[in-house]
Every structure is written in C-alpha cells, then in structure tokens.
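Here is the structure we will look at.
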There are 2 protein chains.
Amino acid sequence: MNSTTRPPRRPRPETLARRERILKAAMATFGTRGYHKGPLTEIADQVGMTHAGVLHHFGSKDQLLLEVLRYRDESDVKDLEGQHIPDGIDLFRHLVKTALLNAQRAGLVQAYVVLSAESVTEGHPARDFFVDRYRTLRREAGDAFRLVCEERGIDAPETVDRAAASILAVMDGLQVQWLLEPEKVDLAEASAFAIEAIMAQVLDPREVL
Amino acid sequence: MNSTTRPPRRPRPETLARRERILKAAMATFGTRGYHKGPLTEIADQVGMTHAGVLHHFGSKDQLLLEVLRYRDESDVKDLEGQHIPDGIDLFRHLVKTALLNAQRAGLVQAYVVLSAESVTEGHPARDFFVDRYRTLRREAGDAFRLVCEERGIDAPETVDRAAASILAVMDGLQVQWLLEPEKVDLAEASAFAIEAIMAQVLDPREVL
C-alpha cells in the first residue's frame, strides 16, 4: 500500500450489523427458492428494509449473491485457529467435522447446493466464484494428501488429484440426497465413510473391479 | 387389465418423433438455463412449433420436465440387455461406463445437475421424481453390494447403505466440478477411482483417519 494512501474508513457497527442481517436473509431466500427465483423484495421484507435499501448496501443482486457465498465460506472457518483450512491429516478431519456441522444447518446447505449447481448454467453470476472455489479446495486437499503421504513415508501416487476432487464431490452429492430424504441418508456418517474410503485408496490402493 | 378394456391407441410414428424432438429441445434449454429460467417459447422455437403446440403434447411445463427426466434415464439403459441396471459387480462396472459416456455429453449432464439441485427447493415439480430416483438407485446399489459380498464369501457390513449413497453422490458431485472446469477434472477417471475406493472400503475396510 502507498504510505500516503488513507486507510478506507471502517464501516460503523450498525452498518456491519445490517449487512450481516441482509446476508442471512439472502441466504435463506436463495436457499429455499434459488438465486433466479429468489426476489430481492422478499429479502428486504425479512429485514424490514426496502428493495432500494438492500441495493444501497450491496450494489446489485449479483453482488449480494457473491457476498452471501463468501460469508458462508468464512462462517465455516471462523472458529478454526488461524481462520483457514488446516493442513495434512487435519484437513480431512476438518471435512468430517464440517459434514457433521452441515447436518445441523439445512438452510445453509440448501443455499450452497442450489447455487453451486445453478452456477454451471450460461452466464451465471456465481460461475467464476465456484470455479475458483473448487480449484482452491482441490489444491488444498491435494497438498494435504501429499503431506500425509510424506509423513507416512510413501510416494504420493498419481491418484492424489482425482482423490481431492472426489472428496469434495462426495460431500456435495450427499448433501443433495440428504436434503431430499434426511431420514434416509445420514449426512455425517456417509461423508465420514466416503472420505476415509478415498483416503485409504490413495494411501494403499486396491483393485476390486 | 380387464379383458374387455381396449388397449390404448398407439401414438402415430410422426407424433412419437415430434415428442422426442421436443424432449431433446427441452433438455437443452433446461440444461443451459435451468427449469425456472428456461422458457417454453425457446423450446418451441427450436422445433418450429408454437408454445401451445408444445403444451398440446405435454400438458404443462412441469409435465414436460418430468418426461425429460424419464427420457434421460431411459436413454441411459436402452442399450443394456433387458434395458435395466445390472446386478452385482456389473452394476458398478455399468456406473464406471456411465461416467465415461457422460464425459461425452455435457448438455445432458448439465440438465441433470441443474434439475436435481433445483429439486431440493420449495415446491419444485421434480422433487418427488428425484426422491424416488435416488431411493431406487440406493436400493439397487445396496443390493449389488450385498451380492458382491456374498459372492466373495464375506458378511455384508453395515456400511453398505452409506457406500451406496456415496457412490451416487461422488458421481453427481464430480459432474459439477467437471462442468465448471472440464480441462482440470477428468470425469471418467475420477469417477472410476472413487467408485473403486468406496467398493474397496466396503469389502475390506481400513482406518486411516
């Protein structure tokens, strides 16, 4: 930063509190109705504001969506030391814990499921966000695998990248089935099982097919 | 069937051909834009018909959606013997082949990803379809696991149901990542890896976490 640049003015606490209330309302609306079908007026109503008032804080509906997604990701790591995803074996333990936590917050999971899938459609405003998010998570999971391999004295196999993508994928896919039939699919147990299965196949591969 | 009931009249070949063209157009539109944002007029335009003409064949947009989903599922098994999903180890081989096939048909995969995720939203017309679809597939995958266990002389472990859900989940989740970055995620390879990982963990479980 240029030393003569003034630091940006900190938003007042009331402004921050209002932004957070809008983000929570938007997450609820996008989660239950999707982004395209979830109207700004419904979000504004939930927090006792006007449509214009919400836009004053976030500029546009697209921008609000991106802030909602960032807010959701931050809330996932805010209780972790250093406020970021851990390394090595702890990353995988963190993912198991995240699945357990997700089983207690269907609204948040629903918002994520709907928005991540919608993002593959033409010109969706969250497409770049999700491309970047998955790329980052795959890299972090891949690095964690390499570290675990090193610690256990084995050469990291070429399956590490596939396994990194698969671990994220199985957590996502189980969320859809769990949202559709929560009494039939145990999100936490199934996620933990699949994460361990994929790790075991990286560390000690077996052919069964 | 009551023996005096007349069989329903077979639709004429032209009618069947026109229905199939509408289904393909609807799959393309719902896949690129989602169900809610994909207009019937765009579907009608693709096949040179009017909005009313499309409704004449399918009754409603919701009904068209359900027919699209069934058409997609049928196209998956139409080249298989008996036209249904195989048993035992062949079911898992069929899933690996399906992932390989899916990597050649992004439009179809996109329609499925978007519609299955949208179906978790309030009052979505395809919700029951997907609840039923996943329930059936989990049961079939679970039965296949039990058969493979029996053939290999092992008691089917309690992880079979988790594994059945996980195999479907990882295939779904990888589709999202592949649609977002096809050059970074190899859908066929990653799916085959994850399916084998989950099978191995059922047949011979290991603790690594």
* To do: Place the label 7 angstrom along Cα→C-beta at B:D128 and in each other copy, then list the distances from the first to the rest in nm, shortest first.
  => 4.3
* **Label point at A:E14 placed 7 Å out along Cα→Cβ; residues across the range A:48-81 whose backbone nitrogen lies under 16 Å** => A:48-50, A:53-54, A:57
* So, in nm, how far is label A:L80 from label A:T136 when the simple model puts each one 7 Å beyond its Cα toward the Cβ? -> 1.1
* **Signed unit charges on C-beta, dipole axis of the protein assembly as shown, positive-most listed residue B:F193, A:L16, B:L40** => B:L40
* To do: Order by neighbour count: A:F58, A:F30, fewest other Cβ atoms within 10 Å first, most last.
  => A:F58, A:F30
* Structure fact -> At 4 °C and 1.567 mPa s, the Stokes-Einstein diffusion coefficient in µm²/s for the protein assembly as shown, with hydrodynamic radius from the Kirkwood sum on alpha carbon pairs, is 56
* Who wins for biggest fluctuation among B:A52, B:A28, B:A141 in a Gaussian network model of chain B, springs between alpha carbons below 10 Å? -> B:A52
* When every alpha-carbon pair in the range B:42-151 is counted, what percent end up more than 25 Å apart? -> 34
* Asked: What is the Rg over Rh value, at two decimals, for chain A, using alpha-carbon atoms and the Kirkwood definition of Rh?
  -> 1.03
* Asked: For chain A, modelled as a GNM with alpha-carbon contacts under 10 angstrom, which of A:K61, A:K24, A:K78 fluctuates the most?
  -> A:K78
* **Cα pair count fraction exceeding 24 Å, expressed as % - the range A:85-203** => 29
* To do: Obtain the nm distance between the two label points defined at A:D204 and A:E122 by a simple spin-label model: each point lies 7 Å from its Cα along the Cα-to-C-beta direction.
  => 5.1
* Residue-wise HN-Hα coupling along the range B:41-52, computed from phi with Karplus coefficients 6.51, -1.76, 1.60 (Hz; x: Gly, Pro) -> 4, 5, 5, 4, 4, 4, 10, x, 10, 8, 3, 5
* Residue of A:R105, A:R12, A:R146 that the Gaussian network model of chain A assigns the largest fluctuation, springs spanning Cα pairs under 10 Å -> A:R12
* Asked: What angle do you read, to the nearest 10 degrees and between 0 and 90, between the alpha-carbon axis of helix B:13-33 and the longest principal axis of chain B?
  -> 60
* Where does helix A:88-102 land angle-wise versus the long Cα axis of chain A, in degrees 0 to 90, nearest 10? -> 50
* Structure fact -> Helix B:160-180: inclination vs chain B longest Cα principal axis, degrees, rounded to 10, gives 60
* **Sorted by Cβ density within 10 Å, fewest first, the residues A:R21, A:R10** => A:R10, A:R21
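FYI, it's all coordinate maths here, none of it is from the lab. Given the structure is predicted, the values throughout are model-derived calculations rather than measurements. Neighbour counts run over all protein chains shown; Cβ positions are idealised from the backbone, glycine included.
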